[in-house]
Amino acid sequence: MQSSGLRHARGIRMSEKRRAFFTFGFLFSIILVFSFADLVQGDRVFSETENKVLASKPKLTWEALSGGSYGEDYETYLTDQFVGRDKWITINTWVDIALQRKEIKGVYLAEDGYLIEQHLPEKYSAAREAEKLALLEGLVRRWDAMVMLAPTADNILTDKLPDFAPCYDERGLLEQAEALVGAENYVDVFTALKSHAGEEIYYRTDHHWTSLGAWYAYQAWAEAKGEAQDLYDRNSMEAVTQDFLGTLHSKVNLDMEGEAIYYFPQTAGQVMAVTYDLKDTRDTCYEESYLDTKNKYGFFLDDNHAFIEIETTCRNGKTLFVIKDSYANCLIPLLTAHYERIYVMDLRYFNGRLFQFMEKYEPETGMDVLVLYNCIHFLEEFAYLQ
């Protein structure tokens, strides 16, 4: 006769097996349901919420399979095309909030409803700084370029960051840049923005500065260049939308109120010809169709292009060549009152020799050159072939 202890132990093991079987069946059912839903839904090309092109199903070849790239590409494809992806991002964010985490997917949940992009100090080494600064020095030496490196929100809105939040200190980079190119070629954007940190100079849901932040940087540029500083009144700004939710919101996908995007209407009233990528010409620096999409910041300069040519009615014979990231998109319209021609280059989409290309557009009277990046994009993206 079996002891009651043995029967009890067997009962426990059977119970554990039933639970394991039930758990396996439950998970398998979920996978089956979502797999079927994925098949019914079909692949999406673009995520409006995340403002990015989603991965398509990779082609199965022997080279991709043996080299290991097929597995990686297929994992990316499944992640991007997973049904209910946007809702899962929201659920994951709420779980992180419940666990009292202050950083989610590289985004700080900061004070006053701000989402601030995280930049860890260890990502930006002294060697990387030296490499980018050497390129900058070469550009300034050849073209006598002005340099505007804009600090990101984590370096200006420091009082809004969570306690003890790690942050790459951009002041060291900016001090090196100023010493390298000289005060006459350097625009101190850090001081201009830090003195107005209490104002809405960065978006709450996006990594860009606002039109007000860009206007303060423009004022610093005008002072450094000896240009008129009273062409635009900050009080004349008008909102083109009130429901902007930017790239940082896409990472956490929380239920948040949208915010306004402003512009200076004087810049829209000017007669000009704006040509994108040598083929598409329009009569404005703004593209209103983006205001009906998630990517509302694309309103400025029709989002991002490799090369833009702007012809204005400012008949002073002056030419400007801007080498930039997307921070420049809402500032460049302010510069159209100062130049007859403005050329705009985004190096992310350009594969040729930069100096050779610039020489083709330089008039006999010479041209001004402006380098305008935020500090992080400068360290991550600034690169060119001479």
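The values are calculated or read from the model by the stated rules, or taken from the named source; none is laboratory data. It should be emphasised that the depicted structure is a prediction, and the values quoted were computed from it without experimental measurement. Heads up, the Cβs are rebuilt from the backbone with ideal geometry, glycines too, and the neighbour counts pull from every protein chain shown. Please note that ligands, DNA and RNA were not included when accessible areas were found on the heavy atoms of the full protein model with its side chains. Shrake-Rupley method; radii C 1.70, N 1.55, O 1.52, S 1.80 Å.
Of the heavy-atom accessible surface of the stretch 231-386 (probe 1.4 angstrom), what whole percent is carbon and sulfur?
After summing per-atom areas, the C and S share lands at 43 percent.
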Please report the net charge: other residues with Cβ closer than 9 Å to the Cβ of TYR168, K and R +1, D and E -1. -3
Calc'd 3J(HN,Hα), the stretch 349-365, phi into Karplus 6.51 cos²θ - 1.76 cosθ + 1.60 (θ = phi - 60°), Hz, glycine/Pro = x, comes to 10, 10, 10, x, 8, 4, 4, 5, 5, 5, 4, 5, 9, 6, x, 4, 7
Amide H contacts under 5 Å for MET367, restricted to residues at least 5 apart in sequence or on another chain and with H modeled in the peptide plane, are none
Table column - 3J(HN,Hα) (Hz), the stretch 157-170, Karplus curve with 6.51, -1.76, 1.60, x for Gly and Pro: 8, 5, 6, 9, 6, x, 4, 6, 5, x, 7, 5, 7, 7
Once the other residues with Cβ under 10 Å from the Cβ of GLU309 are scored (Lys, Arg +1; Asp, Glu -1), what is the net sum? -1
Long-range amide H contacts for VAL147: which residues qualify at under 5 Å (H placed 1.01 Å from N, peptide plane, sequence gap of 5 or more or a different chain)? TYR186, VAL187, VAL371
By the scheme Lys and Arg +1, Asp and Glu -1, what is the net charge of all other residues having a beta-carbon under 14 Å from that of TYR361? -3
Calculate, in nm to one decimal, what ARG234 and LEU291 gain on full extension: separation in residues at 0.36 nm each, minus their alpha carbon distance. 18.3 nm
Under 5 Å from the placed amide H of VAL322, counting only residues 5+ away or on other chains, we find TYR343, VAL344, MET345, LEU370
What list of ³J(HN,Hα) values in whole Hz, one per residue of the stretch 172-183 in order, does the Karplus curve 6.51 cos²θ - 1.76 cosθ + 1.60 (θ = phi - 60°) give from phi, with Gly and Pro shown as x? x, 4, 5, 5, 5, 4, 5, 5, 6, 8, x, 4
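In this model, which of LYS160/LYS318; LYS194/LYS225; LYS132/LYS194; LYS59/LYS360; LYS294/LYS324 are farther than 31 Å apart at the alpha-carbon? Don't skip to the end; give the middle numbers.
Values: LYS160/LYS318 42 Å; LYS194/LYS225 21 Å; LYS132/LYS194 24 Å; LYS59/LYS360 41 Å; LYS294/LYS324 23 Å.
LYS160/LYS318; LYS59/LYS360, as the Cα separations exceed 31 Å there.
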In whole Å, what is the distance between the alpha-carbon centres of the stretch 250-301 and the stretch 126-169? 26 Å
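Taking only protein heavy atoms into account and a 1.4 Å probe, give the accessible area per residue of the stretch 186-232 in Å².
Values: 1670 Å² over 47 residues.
Accessible surface, normalised per residue, equals 36 Å².
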